[in-house]
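To start, the structure itself, in structure tokens.
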Amino acid sequence: MRWVFAFLLASAPALPAPALAADPGFTPDQRREIVQIVRDAMKADPSILREAVTSLQAAEQARAEADTRERIAERRSSLVANAADPVAGNPAGDVTLVEFYDPRCPYCRRMLPSLAAMIQKDRGLRVVYKDIPVLGPASAMESRAILAASRQGAYGRMQQALMTNPAQPSAEMIAQTARNLGLDANRLAADMASPGVTQQIEANMRLARDLKVDGTPVFVVGSTFIPGAVDQAALEAAVAQARRHG
């Protein structure tokens with residue numbers, strides 16, 4: 001509210017501006033006068049408060065966006081250049097889209113067709129997946145299975161199979177899914193429990209915390225942070241902007 005007070009004081013000739021300039025604090029009498037000015041102003045024009053709140057919210061959002069851009073820049077290598085990350089689309093693409101997702105998240109599942117369509121449409125798009133199982137043991141099991149399948153060159157196929165299956169995962173269900181995909185189910189089970197898969201998930205979770213990811217899905221394109229399930233056009237616009245800015 002001090003911003004509001006300052007604004008009102010600047011337009012109120014009744015207050016001695018030189019004295020206020022000399023003393024950044026307010027005396028009790030000045031405080032009472034300010035309160036009265038605010039009350040009178042609110043009665044006369046309630047839009048003053050709305051405009052002040054809107055301005056403060058815009059400033060706060062701008063600060064948050066600047067902080068996010070800085071965090072993204074500081075972690076650029078971990079975001080786009082981790083050799084352990086699964087990659088879809090063009091591995092040498094000129095724009096990288098990073099998705100933080102949970103395989104059990106319904107909103108993440110909703111985005112599968114959009115991402116597939118973008119990869120098919122945009123031959124210069126590179127997609128990096130960051131598995132973050134935040135929704136509990138079932139999510140952790142599916143994330144482990146998907147990452148383990150990548151050891152057999154089947155990340156995308158396992159991702160598609162599990163994320164389009166509404167059933168709760170079990171060891172037998174995942175083993176059968178692996179067999180259906182032509183994978184070695186025993187090797188998949190061993191890889192699911194391997195330190196490498198554990199470390200990859202932990203690294204993804206740390207990166208998500210560093211970037212203040214508080215839900216799934218979240219997309220990072222260039223310096224743009226996009227939370228939530230958005231439509232394909234919004235993602236394509238972010239990719240186009242990143243491409244323009246190199």
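Summed over region 227-246, residues that are buried (at least 17 other Cβ atoms within 10 Å of the Cβ) and under 21 Å from ALA73 (Cβ atoms) total 4. Total residues in region 1-60 satisfying the condition of being modelled with pLDDT under 50 and either touching a Pro at 6+ places or on another chain (Cβ under 7 Å) or among the hydroxyl-bearing types (Ser, Thr, Tyr) (or both): the figure is 1. Scan region 210-227 and tell me whether some residue there is assigned by TED's automatic domain parsing to the domain that holds GLY89, part of a helix (DSSP H, G or I) and not small (Gly, Ala, Ser). Within region 210-227, one or more residues are assigned by TED's automatic domain parsing to the domain that holds GLY89, part of a helix (DSSP H, G or I) and not small (Gly, Ala, Ser).
Here is a yes/no grid of residues against (1) modelled with pLDDT of 95 or more; (2) not small (Gly, Ala, Ser):
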site: VAL128; (1), (2): yes, yes
site: ALA138; (1), (2): yes, no
site: PRO195; (1), (2): yes, yes
site: LYS212; (1), (2): no, yes
site: THR216; (1), (2): yes, yes
site: SER223; (1), (2): no, no
site: VAL239; (1), (2): yes, yes
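Within region 89-139, restricting attention to residues that are surrounded by fewer than 17 Cβ atoms within 10 Å (Cβ to Cβ) and in contact with a helix residue (DSSP H, G or I) (Cβ under 7 Å, 6 or more places away or on another chain), the residue that is farthest from ALA238 (Cα to Cα) is LEU112.
So, ALA193, is that one out of contact with any strand residue (DSSP E or B) (no Cβ under 8 Å at 6 or more places or on another chain) and over 28 Å from ALA117 (Cα atoms) or not? Yes, satisfied.
The values are calculated or read from the model by the stated rules, or taken from the named source; none is laboratory data. Quick caveat, the model's predicted, so the values are computed rather than measured. Don't worry about glycine lacking a Cβ; one is built from the backbone with ideal geometry, like all the others, and counts go over all protein chains shown.
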